[in-house]
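The next block holds one structure in the form of structure tokens; read it before the comments.
The values are calculated or read from the model by the stated rules, or taken from the named source; none is laboratory data. Because the structure is predicted, anything quoted here is derived from the model rather than measured. Using ideal geometry, Cβ is built from the backbone for each residue, glycine included, and neighbour counts are taken over all protein chains shown. Ligands, DNA and RNA are excluded from the accessible area calculation, which covers all protein heavy atoms including side chains. Shrake-Rupley method; radii C 1.70, N 1.55, O 1.52, S 1.80 Å.
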Amino acid sequence: MGKAGAATAGFEAARAVADAILYEGYLLYPYRRSSIKNRVRWQFGVLTPRTWTLARGPADAGVAGSAETWWQQTDCLVEAAGDAVVDCRIRFLQVQHRSVERLLPDGSYRPADAMDAGSRPELSFDEAVPREFDAAFSVGELLAEEHRLTLHAEEGEDVEPLTDDAGRPVGRVVRRRWPVTALLAVSAVPCRTRTPLFRLRVRVENVNDTFQVEAARDEALRVSPIASHVLLAVRDGAFVSLLEPPAWAADAVRACTNQHTFPVLAGEPGRRDVVLSSPILLYDHPRVAPESPGDLHDATEIDEILSLRTRTLTDAEKREARATDPRAARILDQVEEMPPAVQSRLHGTIRSRRPVPHAHAPSGDTTGRPSTPWWDPGADDSVSPETDRVMVSGVPVSRGSRVRLRPRGQGTDPQDAFLEGRTAVVEAVLLDVDGARHLAVTVEDDPGADLHRWYGRFRYFRPDEVEPLAGEGRDA
């Protein structure tokens, strides 16, 4: 086993996205403690104590109860020789409770939910501290045996005195952390491929075995890794994309088992020496938009909307937000100090430009531009989404047809994988500007299907991603 801390430079290419994952959903707009949605936090990559989780029925066992898990597993493929080195970095948040205490006349302290330190309010709330653990292994070592390491984030307590505007002591803030203990298990097995290839497995578990099963979720989170994810880098080797693998590695990809996390290639496009395994599904080579001025800590955030909404907070709401969490205070500062030029960049960016082909140009138009925009259904009278049909496996499929969904394993939205084998109803047959056909569908067992149909929010699949259920339609 190599020395911990060996992985450094290779991970910098993935740090911006990894940090976004670490704090995804950390604090949701409007960033105030009193907001109901900020009372149930820490939704991604939470590894709760095993006994506590199993007592509630693990979600991955199909038992109603806990939505948490106590472990996550990454399987990825590495092209490398036996002496190649794999660097592994485990990252998570450790919950830290901030408790406000008021100074009493006798010199003792009494816990307070909130208090004013002069003109500055102070609130009791949960924060989080980032933790990182590094390890390095040669491929040969991992082939010989599984390596297991205990990762320990120490408990601790910090005290910050509070004074009023005149400098007189009025209380203190006590920040307390509970111990978080996790197990890292790393191993490798060779794959039967024409090119030397290994399946690397990284498993992270919460091994706290003393936690009371009767405890509430907030208490369990205090001894749990939060937003747990893994960074991997290989020296003198390369990873294989699990989303778009070469044909010769297809069987090896199918043998990979990823649970509660999924690995994608990280860094600049074309780079294959770094992998980010995330509890949030991503594409290969994910990146933070260069226009984004900073993290807003809000799931699926839209920077422009959140920035504008944050500016509409009242002075009282901003005061509470600043007292809720230091990161909330930084968000407010970031938005209030944002220059107009930065704000305008958030409105939208075209990443690439290319000509859009038009099948028809009006007579007498020497420019070749149609009088009707290409995106308007009236631009081409030959296209009728509600009546058009497409042949799939020799069966005509049109609006009202029932199909079984078989999403592709690569080059598609990774979220579609959750719909494998589900049945759906075709709502329209669409033609895009490149001449490719697509099926707009609603999933049959989706309780919101009627609502989606009403306002036209569909899921989209190519004809080769569905199996027709011949002779069956919505109106049959």
Heavy-atom accessible area of I302, protein chains in place, probe 1.4 angstrom, given in Å² to nearest 10, is 100 Å²
Those GluC sites (Glu not before Pro) from the range 312-344 that are DSSP loop and have at most 11 other Cβ neighbours within 10 Å turn out to be E337
Heavy-atom accessible area per residue of the range 156-270, all protein chains kept, 1.4 Å probe, expressed in Å², is 47 Å²
Expected vector for the range 242-259, Karplus 3J(HN,Hα) from phi with 6.51, -1.76, 1.60 and θ = phi - 60°, integer Hz, x for Gly and Pro, equals 7, 8, 9, x, x, 4, 5, 9, 4, 5, 5, 5, 5, 7, 6, 10, 9, 10
Per DSSP, the loop-located trypsin sites (Lys or Arg not before Pro) within the range 142-210 having at most 15 other beta carbons within 10 Å are R192, R194
Ordered by number, the GluC sites (Glu not before Pro) in the range 195-277 that occupy a DSSP loop and have at most 10 other Cβ atoms within 10 Å are E214
Expected unfolding gain across E386-V213 under the 0.36 nm per residue rule, minus the alpha-carbon gap, is 56.8 nm
Mean projected area, convex hull of alpha-carbon positions in the range 196-282, reported to one decimal in nm², is 7.7 nm²
Place a point 7 Å from the Cα of T257 in the direction of its beta carbon; the residues of the range 140-164 whose amide N falls under 18 Å from it are 146-147
With all protein chains in place and a 1.4 Å probe, S384 shows an accessible area in Å² (nearest 10) of 40 Å²
Accessible-area order for H260, H452, largest to smallest, probe 1.4 angstrom, reads H260, H452
